[in-house]
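Every read-out reported here was derived from the displayed coordinates using simple, explicitly stated rules and does not represent laboratory data. Computed from a prediction, not measured in an experiment: that's the story for all the values here. FYI the Cβ positions are ideal-geometry reconstructions off the backbone, even for glycines, and counts take in every protein chain you see.
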Amino acid sequence: MIDRAEFEKWAKENGKIIIDPQDKFMNTMKIIELMKEKNITVYKLSKMINYDRTNLKKILNGEIKEPTISTVIAIADALEINIDEIVIRNK
């Protein structure tokens, strides 16, 4: 787990990503932690999943609250994780 200072430094380097704590669909903090661990920038991830960088930032910021399932799968595949690790299910 990354600490707050390290996260803020990483966020600054990657376009001032701000986490929306009200995000209910995706665990964006988990995505960002994995990106940090794997040294993957927003730009790099956007290229890996063939997705617009601006819209990827919006997903990570919580501005896009319900991305398409194909986008979520692409993010999970690029980060080499199971989709269940980043999706928050409302039961």
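So here's what we get for this one:
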quantity	calculated
Hits in the range 50-86 - residues which are among the aliphatic types (A, V, I, L, M), surrounded by fewer than 17 Cβ atoms within 10 Å (Cβ to Cβ) and under 16 Å from residue 35 (Cα atoms)	73, 81, 83
Criterion (among the β-branched types (Val, Ile, Thr), farther than 19 Å from residue 89 by Cα, out of contact with any Pro (no Cβ under 9 Å at 6 or more places or on another chain) and without any contact (Cβ under 8 Å) to a residue 12 or more places away in the chain) met by exactly one of 54, 41, 68	54
